[in-house]
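Below is one structure; the comments refer to it alone.
Taken together, the values in this text are just the output of simple stated rules run on the coordinates, not laboratory data. If you're wondering where the values come from, they're calculated on a predicted model, not measured in any experiment. For neighbour counting, all protein chains shown are included, and Cβ atoms are generated from backbone atoms with ideal geometry for every residue, glycine included.
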């Protein structure tokens, strides 16, 4: 009895420190299984084709790690999506530089940052995870590793993105807000039929950023975090804000302490509001727990995300802190 009381006090203190003392009943609420099969969530409207590709694997009983890679590769390889990979918006000097990360159900992770000339950085990140003792490779080192592993070097700057960059250069006005008109990331998290979680996050980063800038997408715990005991989270928006608050890790840890996905996402946005200068910037999160509970939430309106389960692929408009 004394031990149980001590454990209760310890848990209450921990949750109170996280601002979740009012959520002691959430552990039971989160534990309720809401999905009878695989689930996949991804950011923005390009999440629809990404989800479809992921579902081709999940629907056949495949693994979440294979599904998340396949899903985001669709976006990376489509030049019409000017947010990552082929056709990604360049930095202010005209260079397309890419960031990506991936995590599996074992807690293994791989990432690349400031990678140029490779269409599918997510697959390079997976190679880093599976075939090296490291988590992250950067710049020329990442490119060298990719070429050594059979990836093909190519020009990623399409005429469409080049034209937009040349038009931007006339005034060279830097606008950091990321929303419908200037989204930057495909983040995708999935739960497979075995109950295993994985995630992927890939981007060409802020349009017309400084040469060498790296955002949150390749940073484990900022743009992506997966813990197979608890859940997964991914982010999109102004990467500096997620880096400063380690947002995806925070969401998973809050779910570990009993918060639902939507409660955890809201708290992560509150952390940004309290701790950073978020003026004219957008941040949005997706969260998925071990039992298929899911949520999307943003700092400001305009964030849409795609959910696929039971064979149905739908878009949702996320609620937001700023209306």
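Quick one: work out Rg over Rh on the C-alpha atoms of the chain, Rh as Kirkwood radius.
On the way: Rg = 19.1 Å, Rh = 19.5 Å.
Radius of gyration over Kirkwood radius for the chain works out to 0.98.
Cβ crowding within 10 Å ranks 40, 68 as 40, 68, fewest other Cβ atoms first.
With R₀ set to 51 Å, the beta-carbon distance separating residue 164 from residue 275 gives a calculated FRET efficiency near 0.95. Helix 261-275 and the longest principal axis of the Cα set of the chain meet at an angle near 70°.
By other beta-carbon atoms within 10 Å, ranking 101, 83 with the fewest at the front produces 83, 101.
Taking a ≥ b ≥ c as the square roots of the Cα gyration tensor eigenvalues, with a/c under 1.5 meaning rounded and otherwise prolate when a/b beats b/c, else oblate, which class fits the range 223-320? Here the range 223-320 falls in the oblate category. Kindly state, to the nearest 0.05, the FRET efficiency for residue 210 paired with residue 152, given R0 = 25 Å and r defined as their beta-carbon distance. Step by step, r from the Cβ atoms, then E = 0.35. Working from label points 7 Å from Cα in the Cα-to-Cβ sense, the residue 80 to residue 132 distance is 3.4 nm.
Averaging sequence separations of C-alpha pairs under 8 Å and six or more residues apart, then dividing by the length of the chain, give the relative contact order as a whole percent. Walk me through the numbers before you get to the answer.
Details: 836 pairs, mean separation 71.1, N = 323.
22 percent.
In terms of other Cβ atoms within 10 Å, 320, 248 run from fewest to most in the order 320, 248.
Which angle from 0 to 90°, rounded to the nearest 10, does the C-alpha axis of helix 2-17 make with the longest principal axis of the chain? Approximately 40 degrees, to the nearest ten.
Using only Cα atoms, figure out Rg for the range 229-269 and give it as a multiple of 2.2 N^0.38 Å. Display every interim value, and only then the final one.
On the way: Rg = 9.7 Å, N = 41, 2.2 N^0.38 = 9.0 Å.
After normalising by residue count via 2.2 N^0.38 Å, the value is 1.07.
Taking the longest Cα principal axis of the chain as reference, the axis of helix 139-148 is set at about 80 degrees. Considering helices alone, the calculated mean residue ellipticity of the chain at 222 nm is -10500 deg cm²/dmol, with DSSP H runs of length four and up weighted by -39500 (n - 2.57) and normalised per residue.
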